[in-house]
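Engineer: Below you'll find the structure I mean.
What follows draws every value from the coordinates through simple rules; no lab data is involved. Keep in mind that this is a model prediction, so the values were computed, not measured. Virtual Cβ from ideal backbone geometry, glycine too; neighbours counted across all protein chains shown.
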Amino acid sequence: YHTLRLILGDQLNINHSWFKTTDDSVLYVLMEVRSETDYTWHHIQKVTAFFAAMENFYVELKKKHHNVTYIKLDDPNNENSFTGNCSYLIKKYNIQNFEYQYPDEYRVDKELSDFCNKLEIRHKSFDTEHFYTEREELGNFFRDKKGMLMESFYREMRKKHNILIKGSEPEGGQWNFDTQNRKKIPKNHNTLTPYIFSNDVTIQYKRITEAKIKTIGKIDPERLIWPISREQSLELLNYFTNNCLIFFGTFQDAMQKSEWSLYHSRLSFSLNTKMISPQEVIEAVLKAWRDNPDTISLNQTEGFVRQILGWREYMRGVYWLKMPEFENLNFFNHKNSLPRWYWTGETKMNCLKQSIKQSLDYAYAHHIQRLMITGNFALLAGINPNDVDAWYLGIYIDAIQWVEITNTRGMSQYADGGTIATKPYTASANYIHKMSNYCDNCFYNYKEKTAENACPFNSLYWNFHDRNREKLENNPRLAMVYRLWDKMDPKEKSALLEKAHYYLNEIESL
Ligand code: FAD
Ligand code: DLZ
Ligand code: SF4
């Protein structure tokens, strides 16, 4: 072979121009490596899903008559890093030219560019042909602007790609339909049964356990629920447009006991591995909306488009603008350790128990569970963002650093001091009660603030704002919070702070 082309586990894009023609002098390589399985404790479903999806991609390439090799975890020659294995193959086949696609992760990007700098053969890197935006596009867009509001970037994307635009105006006359969205699930509402797959991944599972990789969470290796091929990804997309889109926006922020996915698409794994593209997801959603004007309203459609064309591209842009510094930001100087029950779900707080248990069971929680339950608690409790990141980077099926860290350290923990969010996403029990039925049979009482069985979120909420006053009180969006706090009876204030300290000391047994 003359050329070696590396394909990373999250670069399973069969429509990439690399694969348009076959060339006998090109060898493709996919590999299972310890550098990727061990950089954090991943959920077992995540590791098996990555391996199984990579193997399917290998088979797909073979079928299309490409030369491709797949290095397994138990291969005796496995060097267990991308560059280690590439070096080995370059030598073995006397390769003259090394090529790769831009990694989405800073760590891997650096590994590969350092490797190329030392290579004595020719090398070249390519776009992944997946995102709407280029790595630097967001940075350029905000260069001469104050702040970095997602909303302004999103509107620009809508115009640039002519999505939900009529003439030069937004479809429906508004950019945003949030007032119609974000409803609680009404009593007696029949929700959907999540559409899941039943993939046999016992072979991959065996390799992972035999290699003694430390993982978290549960799995039934005979029935992995996640899509592991392009075909299954398209099936899930189809299910979403046919069944979930009608209520996507309306119940986007709702949470419900034992309902782990509601009307969410669960397409994040398919998207992040690039088995499907954001363009085809958005096109399918727009088509469903156009074809079904009586059942699918604009607020559902816009709400969904915003997630992919807005938030997803925005997070990618922020990542490339702010890394590597972003990795160490800790605006509040939070130092507490993540409670051990984040790894087990064994807590009396029902909202956390439900959100964590389902994360361990399915490697999934939807956005509001991540942001307003597990993330909110960690922020109020002053947990070190390094601990919080390590947890989020492993536990979810879709966790890849570019989209994990921006959401966790940035959006959820406000450790960037407000680059991504205009105020910290904090809430007391009132919000959780408003958006879910978790409080109904909780050990704690959501209405109580300082009583024995008071919900911990209530005192922790005030404690957070009180202890970070200097950093937050000039934020106009928090003026109301500090006004309320200042008007409160001093006795009540000290009782709240005392309760918060008590709970922080007892955090492991909450
Ligand atoms: P849906 O609700 O159906 O949304 C559709 C798609 O929109 C998603 O598949 C995703 O691609 C995109 N999207 C929605 N919200 C966001 C967002 N805030 N940022 C980027 N894309 C978004 N998403 C990840 O893909 N990987 C992560 O590691 C990740 N970590 C997160 C950590 C925290 C603390 C928070 C608050 C959010 C995180 N998110 C992450 C964003 C979001 O929660 C998930 O993308 C979403 O829950 C995936 O489920 P879904 O496919 O059913 O999404
Ligand atoms: C997440 C993951 C895991 C667990 N294992 C592998 C692997 O063995 N081989 C691989 O190519 N990719 C894996 N991945 C995904 C990578 O971590 C991801 O491709 C990089 O972080 C670049 O974004
Ligand atoms: Fe969560 Fe508090 Fe409600 Fe219990 S009472 S479910 S801890 S918000």
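Engineer: Restricting to helices (runs of 4 or more DSSP H) lying wholly in the range 394-488: which have 3 or more residues that are of a type in the set (A, V, I, L, M)?
Structural biologist: 429-435, 479-487
Engineer: Taking Asn376 as meeting all but one of (1) outside any loop (DSSP other than H, G, I, E, B); (2) under 10 Å from the mean Cα position of the chain (by Cα), write down the number of the exception.
Structural biologist: So Asn376 meets the others, but not (2).
Engineer: Another question, then. Going through Asn386, Asn350, Asn376, Asn407 one at a time, which residue ends up being surrounded by fewer than 20 Cβ atoms within 10 Å (Cβ to Cβ) and either within 16 Å of ligand 2 (Cβ to nearest atom) or not acidic (Asp, Glu) (or both)? Steps first, please.
Structural biologist: Working: Asn350 fails: surrounded by fewer than 20 Cβ atoms within 10 Å (Cβ to Cβ); Asn376 fails: surrounded by fewer than 20 Cβ atoms within 10 Å (Cβ to Cβ); Asn407 fails: surrounded by fewer than 20 Cβ atoms within 10 Å (Cβ to Cβ).
Checking each option against the conditions leaves just Asn386.
Rundown of residues vs (1) in a helix (DSSP H, G or I); (2) closer than 19 Å to Asp398 by Cβ, yes/no style:
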{"position": "Val318", "(1), (2)": "yes, yes"}
{"position": "Phe332", "(1), (2)": "no, no"}
{"position": "Glu346", "(1), (2)": "no, no"}
{"position": "Leu352", "(1), (2)": "yes, no"}
{"position": "Lys357", "(1), (2)": "yes, yes"}
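Engineer: Out of the range 180-234, which residues are among the acidic types (Asp, Glu) and more than 27 Å from Phe248 (Cα to Cα)?
Structural biologist: Passing the criteria: Asp200, Glu210, Asp220, Glu222.
Engineer: Looking only at residues that are among the charged types (D, E, K, R) and part of a loop (DSSP other than H, G, I, E, B) in the range 68-100, which one is surrounded by the fewest Cβ atoms within 10 Å (Cβ to Cβ)?
Structural biologist: Asp74
Engineer: Does Asn299 satisfy the condition of being in a loop (DSSP other than H, G, I, E, B) and either under 25 Å from Thr406 (Cβ atoms) or not hydrophobic (A, V, I, L, M, F, W, C) (or both)? Don't jump to the end; show me each part of the working.
Structural biologist: Numbers: in a loop (DSSP other than H, G, I, E, B): no; either under 25 Å from Thr406 (Cβ atoms) or not hydrophobic (A, V, I, L, M, F, W, C) (or both): yes.
So Asn299 does not fit the description; no.
Engineer: Give just the number: which of (1) among the charged types (D, E, K, R); (2) within 26 Å of Gly303 (Cα to Cα); (3) in a loop (DSSP other than H, G, I, E, B) does Glu120 not satisfy?
Structural biologist: The number of the failed condition is (2).
Engineer: Here's something else I'd like to know. For the range 56-73, enumerate the residues that are free of Cβ contacts under 8 Å to residues at least 24 places away in the same chain and among the hydrophobic types (A, V, I, L, M, F, W, C).
Structural biologist: Selection gives Val59 alone.
Engineer: Here's something else I'd like to know. Mind listing whichever residues of the range 142-174 are within 24 Å of the chain's Cα centre (by Cα) and among the hydrophobic types (A, V, I, L, M, F, W, C)?
Structural biologist: Passing the criteria: Phe142, Met148, Leu149, Met150, Phe153, Met157, Ile163.
Engineer: List every residue pair whose Cβ atoms sit under 6 Å apart, with the two residues 6 or more apart in sequence or on different chains, where the first one lies in the range 438-458 and is near ligand 3 (Cβ under 6 Å from one of its atoms) and the second, anywhere, is small (Gly, Ala, Ser) and in a loop (DSSP other than H, G, I, E, B).
Structural biologist: Qualifying pairs under 6 Å: Phe457/Ser428.
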